[in-house]
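A.B. asks: Below is the structure I would like to discuss, written out as structure tokens.
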Amino acid sequence: MNVLPFQLVQGEPLLRASGVTIDYASARGTVRATQDVSFDVWRGDRFVLLGPSGCGKSTLLKAIGGFIAPRAGSMLLEGRPILAPGPDRIVVFQEFDQLPPWKTVKQNVMFPLLSTGTPKREAEARALHWIAKVGLERFADAFPHTLSGGMKARVAIARALAMQPAVLLMDEPFAALDALTRRRMQEELQALWEEARFTMLFVTHSIEEALVVGNRILLLSPHPGRVRAEINSHQFGLHSAGSPEFQAAAGRIHRLLFGEEADAAARRDEAAARQAQGAQP
Ligand code: ADP
Ligand code: MG
């Protein structure tokens with residue numbers, strides 16, 4: 001197996017977000033989605049952005065995707081500023097309808113390859129390779145509406161990985177699945193990662209999912225999202241869900257996000273923001 005000892009890789013992080021603040025302009029004024037968010041993602045990371053709904057997780061992913069620009073701060077991929085979308089960053093969404101219904105599974109997986117200039121034969125070979133990897137070889141010629149939610153999620157993952165992105169961006173990809181299918185998909189994603197060691201940035205609002213899927217977790221405070229803490233979680237997986245250590249880690253994250261520590265941190269953030277505003281001319 002071709003596995004890089006990613007813990008030993010030196011030098012620049014693959015992805016570096018520094019002081020990222022993102023605002024939306026709306027009819028009622030400016031909405032601040034994230035405030036001064038910094039993190040590094042290293043090659044081979046399963047990096048999780050975890051926080052309550054509305055804390056700016058999708059916004060951060062869209063900025064990394066190059067779809068929106070931060071108001072302040074910078075985002076570098078392999079040392080270069082992110083200025084636009086590109087095939088080195090592929091997003092997998094939660095929605096089941098991310099697959100055009102008029103294309104078969106194989107055509108869906110081939111489509112982004114073909115539209116970025118991959119020759120047809122190679123696109124087909126790569127598509128079939130990844131369709132097999134996610135266990136759907138018997139469904140290569142099926143249309144999306146004939147597939148279950150879990151199978152559609154697998155197609156979306158195969159389509160993304162076939163592009164061999166520098167980083168796979170996943171925005172609550174399993175949130176709409178039933179609990180058992182969701183678990184199964186977490187397991188399969190883990191197995192795919194063990195084999196291919198891609199880099200992923202995974203967004204979730206579920207503490208358990210973050211611990212199971214991630215090797216590092218960035219905790220974001222409620223709206224606007226600020227970094228609360230970063231946690232190592234490489235020791236946890238589906239096998240450890242429910243263990244005392246797992247429960248303790250989940251409890252600690254819960255307190256950091258919602259407990260007294262979180263309240264105190266929120267008050268400090270607000271005071272700092274007021275001070276910064278007062279300091280402005
Ligand atoms: P999350 O993914 O963590 O649930 P989002 O990134 O979707 O959070 O949203 C963060 C904040 O930005 C929310 O308060 C949301 O209402 C706001 N927001 C998101 N998209 C837009 C938009 N297009 N226009 C205005 N406000 C938005
Ligand atoms: Mg979201």
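Coordinate-derived values only; no laboratory data. Since this is a predicted model, take the numbers as computed values, not measurements. Using ideal geometry, Cβ is built from the backbone for each residue, glycine included, and neighbour counts are taken over all protein chains shown.
A.B. asks: Would you mind finding the longest exposed-site-free stretch of the chain, with exposed GluC sites (Glu not before Pro) meaning DSSP loop and at most 16 other Cβ atoms within 10 Å? Display every interim value, and only then the final one.
C.D. replies: On the way: sites that count: GLU78, GLU95.
By the stated rule (loop sites, at most 16 other Cβ atoms within 10 Å), 96-281.
A.B. asks: Find out how many positive minus negative residues lie around GLU124, taking Lys and Arg as positive, Asp and Glu as negative, among other residues whose Cβ is under 14 Å from that of GLU124.
C.D. replies: Values: positive: LYS103, LYS106, LYS120, ARG121, ARG126, ARG159; negative: GLU122, GLU137, ASP141.
Value of the local net charge: +3.
A.B. asks: Please work out how many pairs of lysine residues in the chain are eight or more positions apart (or on different chains) and have Cα atoms closer than 21 angstrom.
C.D. replies: Numbers: LYS103/LYS120; LYS103/LYS133; LYS103/LYS152; LYS106/LYS120; LYS106/LYS133; LYS106/LYS152; LYS120/LYS133; LYS133/LYS152.
Pairs that pass both the separation and distance tests number 8.
A.B. asks: Report the extension gain between ALA175 and SER74 in nm, rounded to one decimal, defined as 0.36 nm multiplied by the number of residues separating them, less their alpha carbon distance.
C.D. replies: Values: separation 101, 0.36 × 101 = 36.36 nm, distance 2.91 nm.
Computed gain between ALA175 and SER74 is 33.4 nm.
A.B. asks: Then there's this: Could you state the principal axis extents of the C-alpha atoms in region 5-137, from the largest down, to the nearest angstrom?
C.D. replies: Principal axes ranked by extent give 47, 45, 28 Å for the Cα atoms.
A.B. asks: Please compute the Cα-Cα pair-distance distribution of the chain with 5 Å bins starting at 0, giving whole percents from short to long.
C.D. replies: Taking all Cα pairs of the chain, the binned fractions are 1, 5, 11, 16, 17, 16, 14, 9, 5, 3, 1, 1, 0 percent.
A.B. asks: So how far apart, in nm, are the two label points at HIS239 and THR116 if each is 7 Å from Cα heading toward Cβ?
C.D. replies: 3.3 nm
A.B. asks: Using bins 5 angstrom wide from zero, how does P(r) for region 98-165 break down, in % of all Cα pairs?
C.D. replies: 3, 22, 35, 26, 12, 3, 0
A.B. asks: Still on this structure: How would you rank LEU14, LEU147, LEU201, going from fewest to most other Cβ atoms within 10 Å of each one's own Cβ?
C.D. replies: Ordered from fewest to most neighbouring Cβ atoms within 10 Å, LEU14, LEU147, LEU201 come out as LEU147, LEU14, LEU201.
A.B. asks: Under a point-charge model restricted to the Cβ atoms of Lys and Arg (+1) and Asp and Glu (-1), what is the dipole moment magnitude of the chain relative to its Cα centre, in debye to the nearest 20?
C.D. replies: Numbers: 32 positive and 29 negative charges, 98 e Å.
It comes to approximately 460 debye.
A.B. asks: From the helices alone, meaning DSSP H stretches of at least four residues, give me the mean residue ellipticity at 222 nm for the chain, per-run term -39500 (n - 2.57), in deg cm²/dmol to the nearest 500.
C.D. replies: Working: 8 runs with 108 residues, N = 281.
Counting only the DSSP helices, I get -12500 deg cm²/dmol.
A.B. asks: With 10 angstrom as the radius, rank TRP102, TRP130 by how many other C-beta atoms surround their C-beta, starting from the fewest. Could you put the intermediate results ahead of the total?
C.D. replies: On the way: TRP102 10, TRP130 23.
Starting with the residue having the fewest Cβ neighbours, the order is TRP102, TRP130.
A.B. asks: A further question follows. So if I take the centroid of the Cα atoms in region 182-240 and the same for region 66-99, what is the distance between those two points in Å?
C.D. replies: Between the Cα centres of region 182-240 and region 66-99 lies a distance of 19 Å.
A.B. asks: Tell me the net charge near PRO244. Cut-off is 15 Å between Cβ atoms, PRO244 excluded, with +1 for each Lys or Arg and -1 for each Asp or Glu.
C.D. replies: Numbers: positive: ARG252; negative: GLU208, GLU245.
Neighbourhood net charge equals -1.
A.B. asks: Sort LYS120, LYS103, LYS62 by Cβ crowding within 10 Å, fewest neighbours at the top. Present the calculation step by step, with values, prior to reporting the outcome.
C.D. replies: Working: LYS120 10, LYS103 14, LYS62 19.
The fewest-first ordering by Cβ neighbours comes to LYS120, LYS103, LYS62.
A.B. asks: Radius of gyration and Dmax for region 166-247's Cα atoms, expressed in Å?
C.D. replies: Over region 166-247's Cα set, Rg and Dmax evaluate to 12.8, 37 Å.
A.B. asks: Please give the FRET efficiency for ASP97 paired with ALA271, using the beta carbon to beta carbon distance and R0 = 51 Å, rounded to the nearest 0.05.
C.D. replies: Values: r = 44 Å, r/R0 = 0.86.
According to the calculation, E is roughly 0.70.
A.B. asks: Would you calculate the separation in nanometres between label points at GLU195 and GLU261, each defined as 7 Å from the Cα along the Cα-to-beta-carbon direction?
C.D. replies: Modelled inter-label distance: 3.8 nm.
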